[in-house]
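Structure record follows, encoded as structure tokens.
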């Protein structure tokens with residue numbers, strides 16, 4: 001068994017990086033997409049099915065799990081891996097993003113955040129030390145330091161104050177995390193859209209020393225052009241020999257563009273959330289299965305896809321079960337979306353390995369631009 005977390009870069013094509021993260025619970029091939037299991041479940045999916053799509057790692061949510069069923073209960077039941085029947089790596093976020101979104105229900109101080117539960121109104125306090133304790137009780141393999149993530153747009157003074165607070169919390173997170181062989185702690189770069197603040201944040205994080213580094217404070221309302229503008233320089237500020245994780249991103253073209261700029265890890269609720277609302281991601285772009293044009297269409301969602309939804313069911317059937325409000329609709333469309341995302345990541349890794357990432361990127365955008373197959 002591997003005693004410690006490690007990252008190996010195996011190839012590079014431009015800024016795109018091919019690598020491998022080793023943990024006691026298994027290897028994570030990078031670039032990697034992490035399905036989001038907010039409340040110890042990827043909605044509408046069995047963990048075994050998520051693994052069948054090709055996922056190496058899942059994401060769990062500190063905020064939601066601390067409230068229900070509580071981290072202490074999960075620990076008593078053997079930890080999050082056993083609790084949700086997922087024995088491979090798990091990354092848990094710190095809870096900071098969710099707490100910060102509770103604008104009317106929270107109070108922010110230097111010590112941490114006091115907030116009211118969205119479930120029952122009960123009062124809770126989350127600090128860097130408590131976040132590390134909760135993530136330790138969950139037994140997560142990759143722990144995120146506690147930070148503040150303000151929504152964009154925001155003025156420079158607000159971004160600077162938030163970044164500086166997050167860096168103080170990063171040091172407290174590191175101190176509270178201690179030395180846990182086999183488990184990793186990631187720091188989170190903040191600074192909004194300000195290059196100098198991003199640089200100050202990266203410098204502070206490098207001085208503290210983390211096992212990996214996340215780029216936070218993006219995909220919070222700034223748009224893709226502004227996000228890519230930051231990604232043109234932000235990953236380069238982080239250590240070359242550690243994984244780089246872009247939090248909360250994103251759509252397929254966001255991921256391809258971020259890989260081109262040096263990012264290794266991603267997570268997003270879109271594949272599962274979109275599946276539940278009737279949207280499927282395909283090589284030709286998104287398909288809204290609720291549209292009437294699919295009612296008599298015997299073709300699969302994506303003719304090149306090998307997922308169960310595409311191999312065994314027609315667009316007409318998927319349209320029917322969605323319109324009928326059947327649970328099977330969420331199951332099949334979520335499975336398809338997660339399968340598509342993992343195939344996308346596999347194709348990205350193959351392209352980097354062969355030195356053909358630029359060609360892959362051009363072909364990806366060309367195919368997406370074609371749009372869905374014409375109606376019959």
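The values are calculated or read from the model by the stated rules, or taken from the named source; none is laboratory data. Here the structure is a predicted model, which means the values were calculated and not measured. For neighbour counting, all protein chains shown are included, and Cβ atoms are generated from backbone atoms with ideal geometry for every residue, glycine included.
Here are a few things to note about the model shown:
- Residues of the range 85-110 that are in contact (Cβ under 8 Å) with a residue 40 or more places away in the chain, in a helix (DSSP H, G or I) and in contact with a strand residue (DSSP E or B) (Cβ under 8 Å, 6 or more places away or on another chain): 96, 100.
- When the residues of the range 114-131 are filtered to those that are in a loop (DSSP other than H, G, I, E, B) and under 23 Å from the mean Cα position of the chain (by Cα), the one that is surrounded by the fewest Cβ atoms within 10 Å (Cβ to Cβ) is 118.
- Boolean, residue 158 is more than 15 Å from residue 242 (Cβ to Cβ), without any contact (Cβ under 8 Å) to a residue 12 or more places away in the chain and in a helix (DSSP H, G or I): yes
- Selection within the range 10-50: residues that are under 18 Å from the mean Cα position of the chain (by Cα), without any contact (Cβ under 8 Å) to a residue 40 or more places away in the chain and farther than 21 Å from residue 65 by Cα. The member of this set that is surrounded by the fewest Cβ atoms within 10 Å (Cβ to Cβ) is 27.
- The range 321-373 - residue that is out of contact with any strand residue (DSSP E or B) (no Cβ under 6 Å at 6 or more places or on another chain) and not in a helix (DSSP H, G or I) and, of those, surrounded by the most Cβ atoms within 10 Å (Cβ to Cβ): 373
- Residues considered: 95, 79, 121. Of these, the only one that is farther than 21 Å from residue 247 by Cβ and modelled with pLDDT under 95 is 121.
- Selected residue [surrounded by fewer than 22 Cβ atoms within 10 Å (Cβ to Cβ), assigned to a loop (DSSP other than H, G, I, E, B) and touching a helix residue (DSSP H, G or I) at 6+ places or on another chain (Cβ under 8 Å)] from 302, 297: 297
- Condition met for residue 135 (buried (at least 18 other Cβ atoms within 10 Å of the Cβ), in contact with a helix residue (DSSP H, G or I) (Cβ under 7 Å, 6 or more places away or on another chain) and at pLDDT below 95): no
- Breaking point among (1) more than 17 Å from the chain's Cα centre (by Cα); (2) farther than 30 Å from residue 320 by Cβ, for residue 264: (1)
- Selection over the range 216-242 of residues that are farther than 15 Å from residue 260 by Cα and surrounded by 15 or more Cβ atoms within 10 Å (Cβ to Cβ) gives a count of 11.
- Given (1) closer than 14 Å to residue 340 by Cα; (2) under 17 Å from the mean Cα position of the chain (by Cα); (3) surrounded by fewer than 23 Cβ atoms within 10 Å (Cβ to Cβ), number of the condition residue 283 does not satisfy: (2)
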